[in-house]
Amino acid sequence: MAYVSIPLYKRTIPQRYKLIGLKCKRCGWINFPPKGICKGCKVSSEFEKVKLSGKGTIYSYTVITAAAAPPEFSKQEKSGGSYVVALIELDEGPRIVAQLVNCKPENVRIGMRVESTIRKIYEDEGVVRYGFKFKPVEESLK
Amino acid sequence: MVLGVIDYGIYIPRLRIKAEEYIKVWSRFSARGVKEKAVMDLDEDVMSMALESAEQAVEGVDLRDVKVLAFASTSPPYSERLLSSFLVEGLGLNRNIFTSEHISSTRSGTEALISCINNLKSIDEGLGLVVVSDSPSASMKDNLEHGLGASSASFLIGFGDVVAEFEGASTYVAEFPGERFRPRGSDRIKDLELRGYYLDSFHENVSGSVKLLLDKLGRKSSDYSYFVIQQFNGVDPLRVALKLGFTINQLKTGFLAPILGDTGACSALIGFLRVLECAEPQEKILIASYGSGAGSDALSFKLTRKPGKKGKVSKALNKREYIDYLSYLKLKDAII
Ligand SMILES: [Zn+2]
């Protein structure tokens with residue numbers, strides 16, 4: 001999630017605040033983030049909006065250390081150490097990249113159940129940009 | 001028809017700092033009776049907490065039925081612009097909803113609750129949502145800062161099969177200048193350290209609203225199984241409540257300042273949520289908020305049934321990860 005202009009950010013708010021995806025009317029594939037042409041059948045552009053559950057599983061992950069952090073996370077980076085970015089397979093099918101919170105890097109496991117949480121992603125020109133991150137579902141913390 | 005709380009949501013940031021951490025650095029901890037408090041992470045703010053608790057409160061309902069939204073906080077990220085729009089969008093509520101925003105004192109949480117109830121009564125159908133989220137801040141050098149915590153509480157208000165029936169509310173307002181305040185343009189609260197004077201104000205306003213409500217309902221303090229009071233620290237509010245004739249037994253369930261700190265506009269309402277999960281049907285609950293400057297709202301509820309999905313509150317209270325004072329300074333943007 002790099003810096004984006006406010007009008008572009010505004011257009012993508014449904015996907016950022018509440019995980020609205022597009023379900024293909026032809027093949028049923030859930031496209032998230034929303035796309036122009038369906039990723040499933042590669043032909044259809046007819047969709048209906050669906051709210052995703054926000055639940056998923058860690059497919060793979062990487063630990064980002066200070067030096068590799070993109071600029072919008074500089075505050076986080078300065079405040080200390082590394083954090084986890086994961087490829088998450090949502091229960092509805094799509095795989096997305098997102099930051100993992102409430103979990104130390106050494107406790108992350110592939111296959112761990114996670115759920116979405118709304119967080120402040122960064123602030124630019126005094127405007128707070130919000131979006132989703134993921135956190136472990138409580139059971140998997142034990 | 002019966003009107004009251006149908007469901008609720010709670011969000012408490014998982015980070016906690018203990019009083020000892022302050023003592024290591026400052027050799028003292030000025031928030032009487034607070035043992036530890038909840039702290040927002042770097043990527044949490046009042047709005048993100050608000051959305052999390054609100055999502056729980058509306059879980060499973062038809063969002064088209066939500067006709068009224070009242071939001072409250074003393075510490076929103078903006079001084080001007082609508083805040084409720086973030087919640088309307090984030091929850092997917094109707095865009096033709098009436099929203100109100102209550103942001104000028106720690107009384108604002110109950111202001112929002114009363115405003116939502118009254119607005120819903122005037123429509124006479126549908127659901128109302130009250131979202132309260134707060135994380136007051138002060139200078140790290142200020143004694144006031146020590147006790148400041150963070151949390152969010154949401155209430156779904158409606159008619160019919162309620163968890164807690166609303167029985168009535170009363171308000172008392174009296175001018176007390178120079179108490180806790182935040183000047184225009186600042187994000188830090190301050191005060192003049194006139195403790196006795198603040199306690200006089202707290203006592204006058206809280207006893208004012210409580211006595212008015214008890215008179216109105218023809219009740220006495222002993223009719224209530226629970227009394228939840230505004231908790232700016234973990235000692236003084238209890239003393240005032242005892243002076244008003246309430247007992248520790250009535251107070252203890254909803255008294256969370258010792259483990260959460262002063263959660264501002266959420267203070268009495270987080271306590272109310274705890275009580276909702278512990279109370280038995282027919283038990284009565286009295287709430288008294290307080291906002292500096294000053295005023296107090298008293299509200300009366302009667303538990304009608306046990307909440308459907310139990311344990312949200314204890315779960316939120318039990319999720320904890322402790323940080324030291326240096327990490328706390330980083331989170332508060334005080335050194336970076
Ligand atoms: Zn398709």
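The values are calculated or read from the model by the stated rules, or taken from the named source; none is laboratory data. Everything quoted here is computed from the prediction, not taken from an experiment. Neighbour counts run over all protein chains shown; Cβ positions are idealised from the backbone, glycine included. The area values use the complete protein model at the heavy-atom level, side chains included, leaving out ligands, DNA and RNA. Shrake-Rupley method; radii C 1.70, N 1.55, O 1.52, S 1.80 Å.
Counting only protein heavy atoms, probe 1.4 Å: which residues of the stretch A:16-39 lose 40 Å² or more of accessible surface in the full assembly compared with their chain by itself?
A:Tyr17, A:Lys18
In Å³ and rounded to a whole number, note down the convex hull volume per residue for the Cα atoms of the stretch B:165-303. Provide the component values of the computation, followed by the final result.
Working: hull volume 14.9 nm³, N = 139.
Once divided by residue count, the hull of the stretch B:165-303 is 107 Å³.
Give, ordered by residue number, each residue of the stretch B:70-89 whose 1.4 Å probe accessible area is reduced by a minimum of 20 Å² on adding the remaining protein chains to the chain alone.
Relative to the lone chain, where solvent access is computed with a 1.4 Å probe, the stretch B:70-89 loses at least 20 Å² at B:Tyr78, B:Phe86, B:Glu89.
Solvent-accessible area per residue for the protein assembly as shown at a 1.4 Å probe radius, Å²?
Working: 20440 Å² over 478 residues.
Per residue, the protein assembly as shown has an accessible area of 43 Å².
Starting from the 7 Å offset along Cα-to-Cβ, what nm value, one decimal, do you get for the label separation of B:Lys24 and B:Lys243?
For B:Lys24 paired with B:Lys243, the spin-label model returns 3.7 nm.
Step by step: find N for the stretch B:49-119, compute 2.2 N^0.38 Å, then divide the Cα radius of gyration by it. What's the final number? Mind dumping the intermediate values first?
On the way: Rg = 11.8 Å, N = 71, 2.2 N^0.38 = 11.1 Å.
Against the compact-globule rule of thumb, the ratio is 1.06.
Could you tell me the convex hull volume per residue, in Å³, taken over the Cα atoms of the stretch B:1-137?
Numbers: hull volume 18.3 nm³, N = 137.
Cα convex hull per residue, to the nearest whole number: 133 Å³.
Can you classify the stretch A:84-129 as rounded, prolate or oblate using the Cα gyration tensor, where a ≥ b ≥ c are the square roots of its eigenvalues, rounded means a/c under 1.5, and otherwise it's prolate if a/b beats b/c and oblate if not?
In terms of gyration-tensor shape, oblate.
With all protein chains present and a 1.4 Å probe, how do A:Arg113, B:Arg107, B:Arg184 order by accessible area, largest first?
Details: A:Arg113 85, B:Arg107 45, B:Arg184 240 Å².
Reading off the accessible areas and sorting them downward yields B:Arg184, A:Arg113, B:Arg107.
Considering the convex hull of the alpha carbon atoms of the stretch B:59-162, report its projected area averaged over all viewing directions, in nm², one decimal.
Averaged projected hull area, Cα only: 7.4 nm².
Springs between alpha-carbon pairs under 10 angstrom, Gaussian network model over chain B: which of B:Ser139, B:Ser152, B:Ser209 fluctuates most?
Looking only at B:Ser139, B:Ser152, B:Ser209, the biggest GNM fluctuation is shown by B:Ser139.
Keeping the other protein chains in place, figure out the carbon and sulfur percent of the accessible area of chain B, with a 1.4 Å probe. Walk me through the numbers on the way to the answer.
Values: 6470 of 13010 Å².
Summing carbon and sulfur atoms, their accessible area is 50 percent of the total for chain B.
Please report the relative contact order for the stretch B:165-303, taking Cα pairs under 8 Å with a sequence separation of at least 6, and give it as a percent rounded to a whole number. Working shown, then result.
Working: 253 pairs, mean separation 51.3, N = 139.
Once normalised by length, the contact order is 37 percent.
If N is the number of residues in the protein assembly as shown, what value comes out of its Cα radius of gyration divided by 2.2 N^0.38 Å? Intermediate results must be reported in sequence, preceding the final value.
Values: Rg = 22.7 Å, N = 478, 2.2 N^0.38 = 22.9 Å.
Rounded to two decimals, the normalised Rg is 0.99.
Which FRET efficiency value, to the nearest 0.05, is calculated for B:Ser85 and A:Tyr59 with the Förster distance at 41 angstrom and r the Cβ-Cβ distance?
0.75
Would you kindly enumerate the cysteines in chain A that have no other Cys beta-carbon under 4.7 Å from their beta-carbon?
If one checks each Cβ against the other cysteines of chain A, A:Cys103 turn up with nothing under 4.7 Å.
Determine the equivalent ellipsoid of chain A by diagonalising the alpha-carbon gyration tensor, then write out the semi-axes as square roots of 5 times the eigenvalues, largest first, rounded to whole Å. Numbers along the way, then the final one.
Details: eigenvalues 141, 82, 30 Å².
Output for chain A: semi-axes of 27, 20, 12 Å.
Among all helices in chain B defined by DSSP H, which have a length of 30 Å or more along the axis from Cα atoms plus a Kyte-Doolittle mean of at least -1.0? Please list the in-between numbers first.
Values: long enough: B:195-217 (33 Å, -0.22).
Going by DSSP H runs, the hits are B:195-217.
Over chain B, what is the relative contact order in percent, taking alpha-carbon pairs closer than 8 angstrom and at least six residues apart? Please report the intermediate quantities before stating the final value.
On the way: 813 pairs, mean separation 85.2, N = 336.
Averaging sequence separation for qualifying contacts and normalising by length gives 25 percent for chain B.
Quick one: work out Rg over Rh on the C-alpha atoms of chain B, Rh as Kirkwood radius.
My calculation puts Rg/Rh at 0.94.
Each label point is 7 Å from the Cα along the Cα-to-Cβ direction; what then is the distance between the points at B:Asn94 and B:Ser327, in nm?
Spacing of the two 7 Å Cα→Cβ label points: 4.5 nm.
How much accessible area is lost when chains A and B come together, counting both sides, with a 1.4 Å probe, in Å² rounded to the nearest 100? Before the final figure, lay out the partial values.
Numbers: alone 8450 and 14090 Å², together 20440 Å².
Between A and B, the summed buried area is about 2100 Å².
Using only alpha carbons, build the gyration tensor for the stretch B:185-238 and give me the equivalent ellipsoid semi-axes, biggest first, whole Å. Please report the intermediate quantities before stating the final value.
Details: eigenvalues 156, 31, 26 Å².
Semi-axes from the Cα gyration tensor: 28, 12, 11 Å.
State whether the stretch B:1-66 is rounded, prolate or oblate according to the following rule on the C-alpha gyration tensor (a ≥ b ≥ c being the square roots of its eigenvalues): a/c under 1.5 gives rounded; otherwise a/b larger than b/c gives prolate, and the remaining case gives oblate. Walk me through the intermediate numbers first.
Working: a/c = 4.83, a/b = 2.40, b/c = 2.01.
In terms of gyration-tensor shape, prolate.
Quick check: with the 1.4 Å probe, what order do A:Glu125, B:Glu20, A:Glu92 take by accessible area, largest first? If you can, show how the numbers build up before the last one.
Working: A:Glu125 165, B:Glu20 105, A:Glu92 60 Å².
Putting A:Glu125, B:Glu20, A:Glu92 in descending order of accessible area: A:Glu125, B:Glu20, A:Glu92.
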